[in-house]
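The values are calculated or read from the model by the stated rules, or taken from the named source; none is laboratory data. Quick caveat, the model's predicted, so the values are computed rather than measured. Cβ: placed from backbone, ideal geometry, glycine included. Neighbour counts: every protein chain shown. Surface areas here come from the heavy atoms of the whole protein model, side chains and all, with no ligands, DNA or RNA. Shrake-Rupley method; radii C 1.70, N 1.55, O 1.52, S 1.80 Å.
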Amino acid sequence: MNTDLYMIYGTNYQQMARDILEAAHIADEIKDPHARIALKPNLVLDAHPDLGATTHPELLAGTIDYLRDHGFNNIVIMESSWVGCKTGAAYKKAGYQKLCHDYDVPFIDLQKDTWKEYDAKGVTIKVCDQAMKVDYMINFPVLKGHCQTYITCALKNNKGLIPNVEKRRFHTMGLHKPIAHLNTVVPINFIMVDNICGDLDFEEGGNPVMMNRVIGGFDPVLIDAFVCETMGYDVDDVPYIRIAEKLGVGCADITQANIVELNEPVVVPTDHQPYQVRHLARYVQPIDACSACYGSLIHALHRMNDQGMLRHHRESIAIGQGYRQKTGKIGVGNCTHRFELCIHGCPPKASEILEFLEKNWE
Ligand code: SF4
């Protein structure tokens with residue numbers, strides 16, 4: 001399995017999607033100009049992508065641009081929202097009606113599709129027929145929290161390829177085992193993670209954490225393992241990742257990843273942070289902080305808050321490019337390298353920040 005993980009930062013999401021696909025040489029992978037290519041966003045419910053639950057349509061727009069430029073025109077978008085929402089409502093609210101109209105690309109509502117049963121390495125799973133008639137699948141999960149599984153990204157996004165009756169059954173089976181087994185039968189070719197502003201805790205959004213990053217890769221297990229570190233969890237906290245690894249879906253050892261940084265993190269002012277993020281940001285003194293750095297720190301503080309480890313009297317944490325020539329007590333990221341205590345990285349991951357704060361933050 002290819003272990004490349006492509007990282008790109010910025011706010012021109014459409015161009016960022018193109019750049020990732022170019023870097024990963026996806027056209028060479030697909031080869032056949034008549035290949036049926038499916039784009040699978042996360043339209044879990046009817047919410048605007050800025051709320052942290054659904055995939056930004058700009059990523060699919062950039063992907064369609066790229067594919068057409070390389071002579072691929074047999075493109076469809078497909079998705080099935082969660083049981084409580086009609087896919088058609090999510091399609092409109094998240095901007096996909098306009099995307100499909102502007103690009104003249106068909107949208108397949110998998111809630112209306114037929115399905116068949118498959119033997120997914122010992123577990124029988126129903127999968128929608130249209131999802132299995134694909135030559136190349138590009139999955140566009142949102143990197144975000146989840147109230148039951150802690151994180152949701154590449155592996156779990158494939159739940160949108162099964163009928164509602166099977167989604168209900170997955171919950172009765174405890175989610176982890178069926179999610180892992182599902183990934184042994186559905187088509188998985190490339191994954192483009194929307195790490196623009198995924199939610200802190202909930203798959204339905206509401207507390208987006210701005211990170212302005214897009215991640216590309218081929219291995220859904222490796223990507224989900226990376227997501228754990230990005231959000232301050234251990235891979236073992238999310239059982240479906242380990243189960244999928246054992247089933248041969250991919251590799252959960254993040255040290256095996258070949259990280260390809262396509263540019264550097266960018267500073268984007270965040271004027272309107274949701275309450276929960278503002279609450280955590282009380283401990284932070286940012287000056288020109290890049291979104292990915294700041295977001296990693298917010299995730300780390302959230303983990304500390306979950307563990308009851310946040311106290312009001314702690315020293316403020318410095319973060320951002322404005323600290324490059326400054327000294328101080330405690331800082332996060334390479335820009336605070338002159339501080340007495342600093343966790344290096346550009347940006348550091350939440351798991352690294354968490355470990356650092358647990359040891360050093362008075
Ligand atoms: S270390 Fe500095 S340049 Fe690097 S991501 Fe953090 S704020 Fe940005």
For this session: Among the residues of the stretch 281-312, write down those that are polar (S, T, N, Q) and either more than 16 Å from the ligand (Cβ to nearest atom) or over 17 Å from Asn207 (Cα atoms) (or both).
Result: Gln285, Asn305, Gln307
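Do we find that Tyr323 is open to solvent by 10 Å² or more (accessible area, probe 1.4 Å), aromatic (Phe, Trp, Tyr) and touching a helix residue (DSSP H, G or I) at 6+ places or on another chain (Cβ under 7 Å) in this structure? Quick ask: steps written out before the conclusion?
On the way: open to solvent by 10 Å² or more (accessible area, probe 1.4 Å): yes; aromatic (Phe, Trp, Tyr): yes; touching a helix residue (DSSP H, G or I) at 6+ places or on another chain (Cβ under 7 Å): yes.
It is true that Tyr323 is open to solvent by 10 Å² or more (accessible area, probe 1.4 Å), aromatic (Phe, Trp, Tyr) and touching a helix residue (DSSP H, G or I) at 6+ places or on another chain (Cβ under 7 Å).
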For this session: Please specify each residue of the stretch 22-38 satisfying the condition of being within 23 Å of Pro347 (Cβ to Cβ) and either touching a Leu at 6+ places or on another chain (Cβ under 8 Å) or outside the structural domain of Thr63 (by TED's automatic domain parsing) (or both).
Result: Ala23
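Taking the stated definitions as given, is Val249 within 29 Å of Ala35 (Cβ to Cβ), assigned by TED's automatic domain parsing to the domain that holds Pro163 and over 12 Å from the mean Cα position of the chain (by Cα)? Before the answer, list the steps.
Numbers: within 29 Å of Ala35 (Cβ to Cβ): yes; assigned by TED's automatic domain parsing to the domain that holds Pro163: yes; over 12 Å from the mean Cα position of the chain (by Cα): yes.
The answer is yes for Val249.
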For this session: Determine if the stretch 327-334 includes at least one residue that is in contact with a Cys (Cβ under 7 Å, 6 or more places away or on another chain) and over 23 Å from Tyr233 (Cβ atoms).
Result: yes
Problem set entry | Neighbours by Cβ (under 8 Å, 6+ apart or cross-chain): first from the stretch 254-280, under 14 Å from Pro208 (Cβ atoms) and in contact (Cβ under 8 Å) with a residue 60 or more places away in the chain; second part of a loop (DSSP other than H, G, I, E, B) and more than 16 Å from the ligand (Cβ to nearest atom) | Pro274/Gly206; Pro274/Asn207; Tyr275/Asn207; Gln276/Leu200; Gln276/Asp201; Gln276/Asn207; Val277/Leu200; Val277/Asn207
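So which residues in the stretch 84-103 are outside any helix (DSSP H, G or I) and either touching a His at 6+ places or on another chain (Cβ under 9 Å) or open to solvent by less than 60 Å² (accessible area, probe 1.4 Å) (or both)?
Going through the stretch 84-103, the residues outside any helix (DSSP H, G or I) turn out to be 84-86, 94-95.
Matches in the stretch 84-103: Cys85, Ala94, Gly95.
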For this session: Give the residues of the stretch 331-362 that are more than 13 Å from the ligand (Cβ to nearest atom) and assigned to a strand (DSSP E or B), sorted by residue number.
Result: Leu341
For this session: State yes or no: is His56 open to solvent by 70 Å² or more (accessible area, probe 1.4 Å) and either in contact with a helix residue (DSSP H, G or I) (Cβ under 7 Å, 6 or more places away or on another chain) or not hydrophobic (A, V, I, L, M, F, W, C) (or both)?
Result: no
For this session: Find the residue count for the stretch 25-47, including only residues that are more than 16 Å from Val105 (Cα to Cα) and in a loop (DSSP other than H, G, I, E, B).
Result: 10
Problem set entry | Residue tally, condition buried (at least 18 other Cβ atoms within 10 Å of the Cβ) and either touching a strand residue (DSSP E or B) at 6+ places or on another chain (Cβ under 7 Å) or among the hydrophobic types (A, V, I, L, M, F, W, C) (or both), over the stretch 326-358 | 18
